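K.L.:
Starting off with a structure, shown below.
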Amino acid sequence: TSALLDRIIGLIGLLFLLGFFTLLKYQELLALSPEMSKVIGVNALLFIGVLVFFVALFLPKGLQNFLLSLAEKIPFIGPQIRKTFGQLWLIGDNRIGVIKCLCISLLMQINSVFTIWLVTSPFYNQPLSLGSAFTFVPLGLVAIAIPITPAGMGVGHAVFGTLFSYYGIQKGASLFNIYFISYILLNLCGVFAYLTSGRKHRLEEAKEFDQASA
């Protein structure tokens, strides 16, 4: 449940940013091209959906119990649905904790969008502001958050290729490749910390074993 909530809070942070900047730049998006109406529509549906879900985390206890009793009547999967939603609502009881997690998620997602814009912006064939990047990059990050391929390989290239094209930016797949390679190289640096800490841990265990044997 903790792992599930981690993914959910991350997605909520992305979709909050997506909805906010879409509303902020609504007129500008409409002026770009007729194709942008599709992006605006998808962004609006996702934003409304995430708002409903977030509010649902804090439903009154009576309503929660009623919905759980209905879920339990669903054949085969009813008990599992009841268990999952019961755990989510249990976490929702800690409102301050959930709101803090959301704030942390927003900061992390802002950093992700800014990073993508920062490493790709020197290669745009026409200017694209950071504010405009917030209206579609979160949508691309949502797509690659679904664990179909490692780090969104392939999926991210296709999605960002399409999204960048809506803004008149060419070779969006290649632009995502820049971020993809940077992301992989940065995360590969973790192997040094892992190997170092692992060796230290093994040495400490060996010393403890020798002392115990003595």
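K.L.:
Which numbered condition trips up GLY86, out of (1) in contact with a Leu (Cβ under 8 Å, 6 or more places away or on another chain); (2) modelled with pLDDT of 85 or more?
P.N.:
(2)
K.L.:
Moving to a separate point now. I need the helices (runs of 4 or more DSSP H) fully contained in segment 37-149, keeping only those with at least 3 residues that are of a type outside the set (A, V, I, L, M).
P.N.:
Those helices (runs of 4 or more DSSP H) span 61-72, 78-92, 95-120.
K.L.:
A follow-up question, please. So which residues in segment 1-46 are touching a Gly at 6+ places or on another chain (Cβ under 9 Å) and either of a type in the set (Lys, Arg) or closer than 27 Å to GLY86 by Cβ (or both)? Outline the logic, then answer.
P.N.:
Taking segment 1-46 as the starting set, the residues that turn out to be touching a Gly at 6+ places or on another chain (Cβ under 9 Å) are 15, 21, 24-25, 28, 32-33, 43-44, 46.
Across segment 1-46, the qualifying residues are LEU15, LYS25, LEU46.
K.L.:
Further, regarding this structure: Only one of LEU203, LEU186, LEU195 is modelled with pLDDT of 80 or more and either in a helix (DSSP H, G or I) or over 19 Å from the mean Cα position of the chain (by Cα) (or both). Can you tell me which?
P.N.:
LEU186
K.L.:
Please indicate, with yes or no, whether at least one residue in segment 29-47 is under 25 Å from the mean Cα position of the chain (by Cα), farther than 18 Å from VAL142 by Cα and open to solvent by 30 Å² or more (accessible area, probe 1.4 Å).
P.N.:
Yes, that holds for at least one residue.
K.L.:
Moving on to the next point. Out of curiosity, is TYR167 touching a residue at least 40 places away in the same chain (Cβ under 8 Å) and not polar (S, T, N, Q)?
P.N.:
Answer is yes for this residue.
K.L.:
If you don't mind, there's one more thing I want to ask. Pairs only if they're at least six apart or on different chains, beta carbon under 7 angstrom, first in segment 54-82 and touching a residue at least 24 places away in the same chain (Cβ under 8 Å), second open to solvent by 80 Å² or more (accessible area, probe 1.4 Å) and part of a helix (DSSP H, G or I); list them, first residue then second.
P.N.:
Final answer for the pair search is PHE58/ARG95.
K.L.:
Now for a different question. Taking the condition buried (at least 16 other Cβ atoms within 10 Å of the Cβ) and farther than 18 Å from ARG7 by Cβ, does TRP89 pass?
P.N.:
Considered against the rule, which asks whether it is buried (at least 16 other Cβ atoms within 10 Å of the Cβ) and farther than 18 Å from ARG7 by Cβ, TRP89 comes out as no.
K.L.:
Among the residues that make up segment 72-80, is at least one of them at pLDDT below 85 and open to solvent by less than 30 Å² (accessible area, probe 1.4 Å)?
P.N.:
Yes, that holds for at least one residue.
The values are calculated or read from the model by the stated rules, or taken from the named source; none is laboratory data. Just so it is clear, the structure is predicted and the values come from calculations on it, not from any experiment. Cβ sites come from the backbone with ideal geometry, for glycine too, and all protein chains shown count toward neighbours. We work out accessible area using only protein heavy atoms, side chains counted, and drop any ligands, DNA or RNA first. Shrake-Rupley method; radii C 1.70, N 1.55, O 1.52, S 1.80 Å.
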